[in-house]
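Contents: one structure, followed by commentary.
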Amino acid sequence: MSWIREGELGLLERFSANILKAGPMPRHVAFIMDGNRRYARKRHVERQEGHTQGFDKLAETLRWCLNLGIHEVTVYAFSIENFKRSNEEVDGLMELAKEKFLRLLDEQAKLEKHGVCIRVLGDLTLLPEDLQRLISKAVVSTRGHNKCFLNVCFAYTSRHEIANAVREMAWGTEQGLLKSSDVSEALLSQCLYTSSSPDPDLLIRTSGEVRLSDFLLWQTSHSCVVFQSVLCSSQNTRFWNLCEAVLQYQLNHRSIQARELHREAEAAQQLEADRSCVTELLQQGGNGKPVDARSRHTVLLSYTASREERVSRFLDALQQKRDAYFLDMSGLTAVA
Amino acid sequence: MAIVYDLVWRVLHLLLQLQRAAVSAFAWKRNWLLWRRAAAAVLLPLALGFANQKKLGAAAGKRPSRRYRVLTDGKALEKLPLHVGLLVAEEEVQYTDIANVVVWCMALGISYVSVYDNEGVFRRNNSRLMEEIVKQQKELLGSESCKYSSEFLNNGADAQEQDDGKLSIVRAAQQLCKSVEQKESTPKDITVSVLDFTLRESKNLPDPELVLKFGTVDSTLGFLPWHIRLTEFISFPSHKDVSYDDFLCALRRYASCEQRLGK
């Protein structure tokens, strides 16, 4: 089954989509589509069959999102915790992933036509090497596309992601690119795997579970979270479930504006941090002499400028390091 | 055509908002009916009690029965969370209702209760909430139970700060980076468990297993992002006049739910 499904909506669906589009639409939707195994058990089919159907449903959901004008989608494909499952099942899932990424590489023309950029988020080094290579190839070959974005979280948990971001910042301080006082909420966000995406506006979890299961905890802290009780791979998951979630987002739209408020608070925190760094600097260099307000202000401005420069240099270095991994991995296949 | 869609959208949302208002009004009315029924149930044995033992005061007849009910309810639940978060996502805050829920949690034997709202109302008025909790505790559980749980109150119930979530992670990150800067550790030392440990240095609370969310907003509004990894979220339309039965129903739902932890 292919990643990109083409096809138009039915008349009624198109009509409803247009009505929804008259309101505020989410730009980025995240999905936890679980319940594949429960579905398989219910229908008395093999577990693997359940997972395969889950993927097909994903492809269909992507098409619906595109039809609704949602251009960025993030899905939780495989959690680091899932490695605890039986060997047989983990191997099966890895095989399925290999098959699907191979398929993806065959579909270059389609991906180009729709401008789909694929990103794979997670600690990929935990995966078998051949899968790492396939993933890298897919990521590198679609990097230039910018019409719609599909983020696949694979070997991912949010806590690992946050810990990884802290590790990268520590690497920056070790390399002398950063100072530990430069660490801020904004910088941490930019060190996460999701640094190139806006935070999701809407998170949908199917299957009736009412928890986040270590998915995008940082990024969805002010998003609209919708729990639905259909199993994702079942035939009953329909276009209308997605519409319902979008409606719920629209009803919440005004209350979730708190996010903007949070951003202001963030800027205030940054200013406060800069001020205290400047005070420290002045105390160290000024031999205890009192400093007048104007020169203090000049020092603050120059400090802020130098901090911003450090941060942007560090982020460039981090991006290069990440790109290098994908390039390296995808290049290996060409040599072999 | 766009105007038609826009019009239909507006009508649809108006209807949904009406429906929402109707649901909360209905919830209020149902609570009121339940309350009346409960009052009748309490008053009836009370009247009998008066007939049999005239020495006992009315209050003494009523309170223990409620208290024993709560205690047996706690034992009847298959699993009880250690830490419950109360997330209030409403503009108007009723201290009495929140205090009630806190007291029910305590009576059931839940060790930690965190109260959170994204505007920081509870953090600013922490003492008012505490007062209200003590008052409700006396009212609901009788004065003798105050002794054993007042200590529990000091470290158990806790009004979370608004910036306790991401900001505390940033502070922990700064601390870890500083130790790398001073060559005390290397980036490789930083793992999930190290970060978790650093985060718990300032305030050692277990992760909340259950969050009761009050209000129609479907969002966690920044509530402890690191700690809610496996937290179950159960929503109530409002915290105003929330009833004991609704509360117990949520805990039953929590007790019946199975967590597979990735397996």
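Residues in region A:1-38 that are touching a helix residue (DSSP H, G or I) at 6+ places or on another chain (Cβ under 6 Å), among the charged types (D, E, K, R) and outside any loop (DSSP other than H, G, I, E, B): A:E13, A:R37. What about A:E209, is it open to solvent by 50 Å² or more (accessible area, probe 1.4 Å) and more than 7 Å from chain B (Cβ to nearest Cβ)? The answer is no for A:E209.
Restricted to region A:64-79, and to residues that are crowded, with 21+ Cβ neighbours inside 10 Å and within 14 Å of chain B (Cβ to nearest Cβ), which residue is farthest from A:K147 (Cα to Cα)? So, considering only residues that are crowded, with 21+ Cβ neighbours inside 10 Å and within 14 Å of chain B (Cβ to nearest Cβ), the one farthest from A:K147 (Cα to Cα) is A:S79. Annotation: B:Y148 fulfils all but one of (1) modelled with pLDDT of 85 or more; (2) among the aromatic types (F, W, Y); (3) more than 15 Å from the chain's Cα centre (by Cα); the unmet one is (1).
Among the residues of region A:174-190, write down those that are within 11 Å of chain B (Cβ to nearest Cβ), under 21 Å from A:A305 (Cβ atoms), part of a helix (DSSP H, G or I) and out of contact with any Phe, Trp or Tyr (no Cβ under 9 Å at 6 or more places or on another chain). Listed by number, the residues that qualify are A:S180, A:S181, A:E185, A:A186. For region A:36-63, enumerate the residues that are buried (at least 21 other Cβ atoms within 10 Å of the Cβ), out of contact with any Lys or Arg (no Cβ under 9 Å at 6 or more places or on another chain) and either among the hydrophobic types (A, V, I, L, M, F, W, C) or within 14 Å of another protein chain (Cβ to nearest Cβ) (or both). Selection gives A:L58 alone. When the helices (runs of 4 or more DSSP H) confined to region B:159-263 are screened for residues that are more than 7 Å from chain A (Cβ to nearest Cβ) and under 30 Å from B:L18 (Cα atoms), those reaching at least 2 such residues are found at B:244-256. The listed residues are A:S234, A:S255, and the only one of them that is within 30 Å of B:L14 (Cβ to Cβ), open to solvent by less than 60 Å² (accessible area, probe 1.4 Å) and modelled with pLDDT under 80 turns out to be A:S255.
Please go through region B:76-116 and give me each residue that is among the polar types (S, T, N, Q), open to solvent by 30 Å² or more (accessible area, probe 1.4 Å) and assigned to a helix (DSSP H, G or I), ordered by number. Passing the criteria: only B:T96. Of all residues in region A:160-173, how many are at the interface with chain B (Cβ under 7 Å from one of its Cβ atoms) and closer than 19 Å to A:D123 by Cβ? Within region A:160-173, residues that are at the interface with chain B (Cβ under 7 Å from one of its Cβ atoms) and closer than 19 Å to A:D123 by Cβ number 8.
Counting the residues of region B:79-110 that are without any contact (Cβ under 8 Å) to a residue 60 or more places away in the chain, within 16 Å of B:E209 (Cβ to Cβ) and not aliphatic (A, V, I, L, M) gives 2. The set of residues in region A:214-230 being within 7 Å of another protein chain (Cβ to nearest Cβ) and not in a strand (DSSP E or B) consists of A:D214, A:L217, A:W218, A:S221, A:H222, A:S223. Filtering A:S79, A:S158 for residues that are under 16 Å from the mean Cα position of the chain (by Cα), at pLDDT below 95 and closer than 30 Å to B:T186 by Cβ leaves a single hit, A:S79.
Of the candidates A:V166, A:V139, the single residue that is of a type in the set (V, I, T) and either within 22 Å of A:A59 (Cβ to Cβ) or at pLDDT below 90 (or both) is A:V139. When A:L104 is tested against (1) open to solvent by less than 10 Å² (accessible area, probe 1.4 Å); (2) within 30 Å of B:Q174 (Cβ to Cβ), only condition (2) is not met.
Any residue in region A:136-143 that is in contact with a strand residue (DSSP E or B) (Cβ under 8 Å, 6 or more places away or on another chain) and not aliphatic (A, V, I, L, M)? Yes: one or more hits.
Taking the criterion of being among the basic types (K, R) and in contact (Cβ under 8 Å) with a residue 12 or more places away in the chain, would at least one residue in region A:133-142 satisfy it? Yes; the residues of region A:133-142 include at least one that is among the basic types (K, R) and in contact (Cβ under 8 Å) with a residue 12 or more places away in the chain. Is it the case, given these coordinates, that A:V90 is over 30 Å from B:V180 (Cα atoms), within 14 Å of chain B (Cβ to nearest Cβ) and among the hydrophobic types (A, V, I, L, M, F, W, C)? Criteria met by A:V90.
The values are calculated or read from the model by the stated rules, or taken from the named source; none is laboratory data. All values derive from a computational prediction rather than experimental measurement. Cβ sites come from the backbone with ideal geometry, for glycine too, and all protein chains shown count toward neighbours. Note: accessible area is taken over every heavy atom of the protein model, side chains too, but ligands, DNA and RNA are not part of it. Shrake-Rupley method; radii C 1.70, N 1.55, O 1.52, S 1.80 Å.
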